[in-house]
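Each remark here refers to the structure printed beneath this line.
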Ligand code: FAD
Ligand code: N01
């Protein structure tokens, strides 16, 4: 058992925790980062599955706080691969000498607030007991991997993998019969790569996904120069965009243009590739009729790419609006189903009954395989937090408080948990944005807030109950103006049996949210109690 006292404990050494540590150092606030992995990088440390890469362009998916860093780093591709992003995270850690304040292979198990002292006590699986004034959760929105609840899951005799916990030495599927369960973003990236290696690949699909080709390519020198020639101005614009990403948004409605113009707009965006497809028209996420035009365009593309019309129809998403489950970006995903060694199983039609010692059994029979890849996602947004025994005033548990869904003020704090902060917590734009933009905004806001407290000799900040209630109501009201609640997505907690169906991120937009946070700070941290 080791006991220590420090100003701030930060949990997590992904991009959130790393930048938080850097800013606290600058404020002269002593801090330690606790990280369960053995190195920095978070998402990019864990998700080493074949084909893993970013779908925000690499010129934008990077820190903006250091002009030297963003000028000196060179990205080799339009969309960076996982190994390159991990190298970037390591480079940042080296450049800023972050690792000396990070305790690796240390999982935080509990964090308790003591009302008498006003301090947090954080405990770890290594027996550490650290007392701190501030407890900052940079635990990630997509860091709590979710295995499917399928009977016999542990009885399988071959190898099993989860995309979010991929072995560091890679996996050789040569000559193997492989099953992939799931068809979300991770699966859509992994399937084409696994299919090139495996003797046979069987994909078990519950819900088909809309996916746009990435058109990934080596970095274009002129494009890199364009960004670097005025990085500050481009970043400033991106920070005010709805998604924190700088790309062309068409202000027109999909319904006000002719069918020919609409088709041309979709074709142009399909040819360019990437998530900017959803910027084709201004009302794609608010108007079902508008959305249907984009959804049908993509379904027709799938029908064109997949040779077997029956397979194409199974892969063509129906029944929910495009974009309301996280839009995917792929490299030859749909084409992969033309390969003779790839089989698609529609588990809506033939539900998975069990995993057996030999493979996967559905209502249509057993598929024998040598390896199973669970591409089944995460207990998103709340899982990493509720897994820790976090207790605030009166011993109230966070998991208990959030039993009906997460409740926060701005996604930064939750009432009853003084001095406990969340980086990109539920109720902030987080997963609906370029997350590095959102991380920087939260860390900067919080750093300014702590500087404000310290300059006034104050020690504590806490969200008020009423501000939290108003924010939750506002978040729901904004979400209800969109089509998002119509899909059974992980944004809604729908992928975790028993999880309340609440739309968890804030969909008001990154720019709007940033302005609200700034106004609240300017009004003396309205909605927070300072003491
Ligand atoms: P994370 O990177 O998740 O880091 C959290 C860290 O906290 C982890 O290292 C974890 O081990 C640690 N931790 C959690 N709980 C504990 C505990 N109890 N004790 C100790 N340590 C703990 N976002 C985009 O904007 N664009 C993309 O293209 C994109 N692609 C993605 C691809 C994949 C495969 C995934 C899974 C996510 C992707 N994301 C993307 C989201 C991505 O999570 C964020 O962009 C960003 O990396 C999050 O950084 P973070 O520091 O907030 O969280
Ligand atoms: O996880 P997911 P993910 N039986 O939850 C299926 C980011 N990311 O790891 O849709 C059968 O999206 C489930 O089916 P259904 C990005 O934000 C980004 O792929 O619930 N199937 C679904 O198909 C992304 O959204 C990139 O019906 C089961 C799949 O498993 C987020 O991370 C790349 C099942 C899970 O999909 C999560 O993506 C990767 C069961 N019991 C990740 N349980 C980029 O490209 C679950 N499924 C940037």
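How big is segment 465-531 by the Kirkwood estimate over distinct Cα pairs, in Å?
13.5 Å
The alpha carbons of segment 403-531 stretch over 47, 28, 21 Å along the principal axes, in descending order.
Whole Å is fine, so just give me how far the alpha carbon centre of segment 401-449 lies from that of segment 1-65. A separation of 15 Å, based on Cα centres. Note: relative contact order over segment 143-251, using C-alpha pairs below 8 Å and six or more positions apart, is 18 percent. Spin-label model, residue 199/residue 74: points 7 Å from Cα along the beta carbon direction are separated by 4.4 nm.
Peptide packing: for 49-60, 483-494, 411-422, the average count of neighbouring Cβ atoms within 10 Å per residue gives the ranking 411-422, 49-60, 483-494, highest mean first. Both radii were evaluated on the Cα set of segment 346-446; the Rg over Rh quotient, with Rh as the Kirkwood radius, amounts to 1.18. What the Kirkwood sum gives for segment 209-330 is a hydrodynamic radius of 15.7 Å, with every pair of different alpha carbons counted. For a paramagnetic label modelled on residue 455 (point 7 Å from Cα along Cα→Cβ), amide N atoms under 15 Å away belong, within segment 1-40, to 27-28. An ellipsoid equivalent to segment 280-355, defined through the eigenvalues of its Cα gyration tensor, has semi-axes of 25, 16, 11 Å when rounded to whole angstrom and sorted largest first. In the chain, the DSSP-assigned H stretches of four residues or longer account for a calculated mean residue ellipticity at 222 nm of -9500 deg cm²/dmol, using -39500 (n - 2.57) per stretch and the full residue count as denominator. In percent, rounded to a whole number, the relative contact order of segment 207-308 is 33, using alpha-carbon pairs under 8 Å and six or more apart. Taken over the chain, the convex hull of the Cα atoms encloses 150 Å³ per residue. The relative contact order of the chain, computed from alpha carbon pairs under 8 Å that lie at least 6 residues apart in sequence, is 20 percent. Using R0 = 35 Å, the C-beta based FRET efficiency linking residue 448 and residue 100 works out to 0.90.
Normalised by residue count, segment 1-63 yields a Cα convex hull volume of 91 Å³ per residue.
The slack in the chain from residue 249 to residue 486, taken as 0.36 nm per residue of separation less the alpha-carbon distance, amounts to 83.0 nm.
By the count of neighbouring beta-carbon atoms within 10 Å, fewest first, 526, 332 end up ordered 526, 332. Distance between the pseudo-spin-label points of residue 343 and residue 30 (7 Å out from Cα toward the beta carbon): 6.2 nm. If R0 equals 51 Å, the separation of the Cβ atoms of residue 296 and residue 126 corresponds to a calculated FRET efficiency of about 0.40.
Remark: C-alpha extents of segment 7-129 on the principal axes read 53, 33, 22 Å, sorted largest to smallest. Above 18 Å, the calculated P(r) of segment 123-222 contains 65 percent of its Cα-Cα pairs. Against the chain, whose longest principal axis comes from its Cα atoms, helix 15-27 is set at around 20 degrees.
Between helix 82-95 and the chain there is an angle of about 20 degrees, using the helix long axis and the longest principal axis of the Cα atoms. Summarised in one figure, the compactness ratio Rg/Rh of segment 232-274, Cα atoms and Kirkwood Rh, is 1.08.
Sorting 144, 186 by the number of Cβ atoms found within 10 Å of their own Cβ, with the fewest placed first, yields 144, 186. Relative to the longest principal axis of the Cα atoms of the chain, the long axis of helix 288-305 makes an angle of roughly 50 degrees.
Values in this text are rule-based calculations from the coordinates and carry no lab data. It should be emphasised that the depicted structure is a prediction, and the values quoted were computed from it without experimental measurement. We place every Cβ from the backbone using ideal geometry, glycine too, and count neighbours over all the protein chains shown.
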